[in-house]
Amino acid sequence: MAGALRGVVALDGPSGTGKTTVARTLAATLGAEYLDTGAMYRVLTLAVLRAGIDPEDAEAVASLARRTEVGVGTSPHTPTASLDGADVGERIRTEEVNGAVSAVSAVPEVRGLLVAHQRRIIAEAVATTGGIVVDGRDIGTVVAPEAPLKVFLTASADVRARRRSAQDSAAGRASTPSDAKASVERRDQLDSTRATSPLRPAEDAVSLDTSELTVEQVIEALRALADRHGILTHASGGIAETRR
Ligand code: DC
């Protein structure tokens, strides 16, 4: 049997590595909660765009962040995102949001507010459900450096662009692999060179290249890693035991 997750799995990496799909499925398989931290930066970016604020205007963005309520659900089965209490679901996945989210997420005050929020959500999930899979860019380095398992997913830029384009097309958004590649590379560059918590693996993160792997193979690799790190409980004869 799959086992149940106890503790935090930090899953970082650039966009298009399959992180979100893998994180959600892993959480569902292991009876854990799931936190999509990218969705939180996207909700705030939507608020910035709706308010007509320039995403590069760090002061105006920070001021809006202080009075905006960013909500995300932690069920891996039905992820939800809300802005000031109103559902924004798919509206946070548009090309406009993709184009502005790196600037918004580079603002230190935005990161301070959202990281504090993410830590509260993680603490609550560990206290109630016992386990949570957290997907982002700085989870292993900043948000949850004490997480017992940190994984950094990678994949070649071509593979990531193809995946992003297929996802967009499936959701009814116009996209070609070459547009997606330009967008993915632009965001990688901005996310990994920003001054505050840039995208990079934690020193003790396990790197996993997903270029040649199916989603199922990645999930199996992560499940095996969680087991090896002693954070899966297995029911044996009705008594839960933790394998080490
Ligand atoms: O995972 P995603 O593509 O939905 O993330 C959207 C953007 O949010 C991404 O370009 C960088 C930013 N982000 C971040 O800076 N830190 C995180 N923990 C998660 C996302």
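Taken together, the values in this text are just the output of simple stated rules run on the coordinates, not laboratory data. Keep in mind that this is a model prediction, so the values were computed, not measured. Cβ placement follows ideal geometry from the backbone for every residue including glycine, while neighbour counts extend to all protein chains displayed.
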Cα gyration tensor shape of region 140-244, rounded if a/c is under 1.5, else prolate or oblate by comparing a/b with b/c
oblate
For the chain, the longest principal axis of the Cα atoms and the Cα long axis of helix 157-170 enclose an angle in degrees, to the nearest 10, of 80 degrees
Region 192-211 and region 98-131 have their Cα centres apart by a whole-number Å value of 17 Å
Going toward the positive end of the dipole of the chain, with +1 on Lys and Arg Cβ and -1 on Asp and Glu Cβ, which of Ser75, Ser165, Thr17 do you reach last?
Ser75
Each label point is 7 Å from the Cα along the Cα-to-Cβ direction; what then is the distance between the points at Ala2 and Ser63, in nm?
4.7 nm
Choice from Ser197, Ser178, Ser207 with maximal GNM fluctuation in the chain (Cα, 10 Å cutoff)
Ser178
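Given the DSSP H assignment, sum -39500 (n - 2.57) over each helix run of at least 4 residues in the chain and divide by its residue total; what's the result at 222 nm in deg cm²/dmol, nearest 500? Present the calculation step by step, with values, prior to reporting the outcome.
On the way: 8 runs with 111 residues, N = 244.
Roughly -14500 deg cm²/dmol at 222 nm, from the helical runs in the chain.
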From a point 7 Å beyond the Cα of Ser207 in the direction of its Cβ, which residues of region 1-24 have a backbone N at a distance under 16 Å?
12-15, 17
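Could you put Asp179, Asp12 in order, starting from the residue whose Cβ has the fewest other Cβ atoms within 10 Å? Each step should come with its number before you reach the end.
Details: Asp179 15, Asp12 27.
So the ranking, lowest neighbour count to highest, is Asp179, Asp12.
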Between helix 108-128 and the chain: long-axis angle, C-alpha atoms, 0 to 90°, nearest 10
30 degrees
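Can you tell me the relative contact order of the chain? Whole percent, Cα pairs under 8 Å, sequence separation 6 or more.
Values: 432 pairs, mean separation 75.6, N = 244.
It comes to 31 percent, rounded to a whole number.
Any idea what the dipole of the chain comes to, in debye rounded to 20, about its Cα centre with Lys/Arg Cβ at +1 and Asp/Glu Cβ at -1? Could you put the intermediate results ahead of the total?
Working: 28 positive and 32 negative charges, 59 e Å.
It comes to approximately 280 debye.
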For region 112-153, shape from the Cα gyration tensor axes a ≥ b ≥ c, cut at a/c of 1.5 then a/b versus b/c, turns out oblate
Ranked from fewest to most other Cβ atoms within 10 Å of their own Cβ, His77, His117, His234 fall in the order His77, His234, His117
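Where in the chain is the longest stretch that carries no GluC sites (Glu not before Pro) classed as loop by DSSP and with at most 14 other Cβ atoms within 10 Å? Display every interim value, and only then the final one.
Working: sites that count: Glu56, Glu69, Glu146, Glu203, Glu212.
Result, exposed sites excluded: 70-145.
What is the antiparallel percent of DSSP beta bridges lying wholly in the chain, to the nearest 5?
Values: 11 of 29 bridges.
For the chain, the DSSP antiparallel bridge percentage is about 40.
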Calculate one ³J(HN,Hα) per residue across region 199-210 by plugging θ = phi - 60° into the Karplus curve 6.51 cos²θ - 1.76 cosθ + 1.60, and present them in order as whole Hz with x for glycine and proline.
5, 6, x, 5, 4, 9, 7, 8, 8, 9, 8, 9
